[in-house]
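A.B. asks: Here it is: the structure, laid out below.
The values are calculated or read from the model by the stated rules, or taken from the named source; none is laboratory data. As the structure is a computational prediction, the values presented were derived from the model and not from experiment. Note that we place each Cβ from the backbone using ideal geometry, even for glycine, and neighbour counts take in every protein chain shown. Remember, those area values only see protein heavy atoms, side chains included, never the ligands or the DNA or RNA. Shrake-Rupley method; radii C 1.70, N 1.55, O 1.52, S 1.80 Å.
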Amino acid sequence: VEGYALRLEVAGEPLDVDLPLVGAHNVHNAACAAAIALSLGVDGETIAAGLSQTPDLGHRSSIETVGPWQLLDDCYNASPKAMEAALDTLVQLAAGQPAYALLGRMLELGDAEGELHQQVGAHAAGLPLAGLITAGPYAAEIARGARDAGLEDTRVHQVETPEEAGALAAELAGQAAAWMLLKGSRGAHMERALAVLQKGPKS
């Protein structure tokens, strides 16, 4: 669950890459990076070695195991497309296990802010989430979009702070083997929810 084995074609030759990143969006990014490197004259062996290196993710799609939980830490930043990609990745990784999405506000969206948050909620409604937890008044538009798109009220939760989001997710998941996504713009401070979850489930 911590990466992909890729086969790219570089200058007509197959190139095998062990990509240490999760999410189909990162597969596309890797292919684009390989194409750019090739255009700059970088050889295939060097491209494969570079893409196979484990990066310092720093709240960017990194996975942490805490007791029975898998935490997908993507707190660094957020946009509508990135939110949707992260939600898809969460469900893919959970592979039928309970999946909880803890989402904060997205910043710098201009006049379409409300609509774009609701769009993310609508996307979430189409996924098999055990719970959607939004933190803060702006992120509440995500919850509204999810409800409007048909996600049951019992699976949608609104809280005021990231700390409350983390505590609620811990309560909902309990001792179950569950996956949790934490995502929002930097100003949403979703790393505070992560800090709560890192304490693990209550015994």
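A.B. asks: Can you find even one residue in the range 100-107 that is out of contact with any Asp or Glu (no Cβ under 6 Å at 6 or more places or on another chain), free of Cβ contacts under 8 Å to residues at least 40 places away in the same chain and open to solvent by less than 20 Å² (accessible area, probe 1.4 Å)?
C.D. replies: Among the residues of the range 100-107, not one is out of contact with any Asp or Glu (no Cβ under 6 Å at 6 or more places or on another chain), free of Cβ contacts under 8 Å to residues at least 40 places away in the same chain and open to solvent by less than 20 Å² (accessible area, probe 1.4 Å), which makes the answer no.
A.B. asks: Which residues, taken from the range 99-129, are small (Gly, Ala, Ser) and in contact with a helix residue (DSSP H, G or I) (Cβ under 7 Å, 6 or more places away or on another chain)?
C.D. replies: Ala99, Ala101, Gly104, Gly114, Gly121, Ala122, Ala124, Ala125
A.B. asks: Right, another one. Just to be sure, is Ala170 at pLDDT 95 or above and either of a type in the set (A, V, I, L, M, F, W, C) or open to solvent by less than 50 Å² (accessible area, probe 1.4 Å) (or both)?
C.D. replies: Taking the combined requirement at face value, the residue satisfies it.
A.B. asks: So, of the residues in the range 127-137 that are open to solvent by less than 60 Å² (accessible area, probe 1.4 Å) and over 17 Å from Gly150 (Cα atoms), which turns out to be modelled with the highest pLDDT?
C.D. replies: Taking the candidates together, the pick is Ala135.
A.B. asks: To continue, here is another question. Taking the range 51-80 only, how many residues are modelled with pLDDT of 90 or more, over 21 Å from Val159 (Cα atoms), surrounded by fewer than 19 Cβ atoms within 10 Å (Cβ to Cβ) and of a type outside the set (Val, Ile, Thr)?
C.D. replies: Adding up the residues that qualify gives 3.
A.B. asks: I'd like to know if the range 81-96 contains one or more residues that are within 22 Å of Val159 (Cβ to Cβ) and over 13 Å from the mean Cα position of the chain (by Cα).
C.D. replies: Checking the range 81-96: not a single residue is within 22 Å of Val159 (Cβ to Cβ) and over 13 Å from the mean Cα position of the chain (by Cα).
A.B. asks: Anything in the range 117-126 that is open to solvent by less than 40 Å² (accessible area, probe 1.4 Å) and under 12 Å from Met83 (Cβ atoms)? List them, or say none. If you could, list the steps in order and put the result at the bottom.
C.D. replies: Let us first name the residues in the range 117-126 that are open to solvent by less than 40 Å² (accessible area, probe 1.4 Å), namely 117, 120-121, 124-125.
Result: His117, Val120, Gly121, Ala124.
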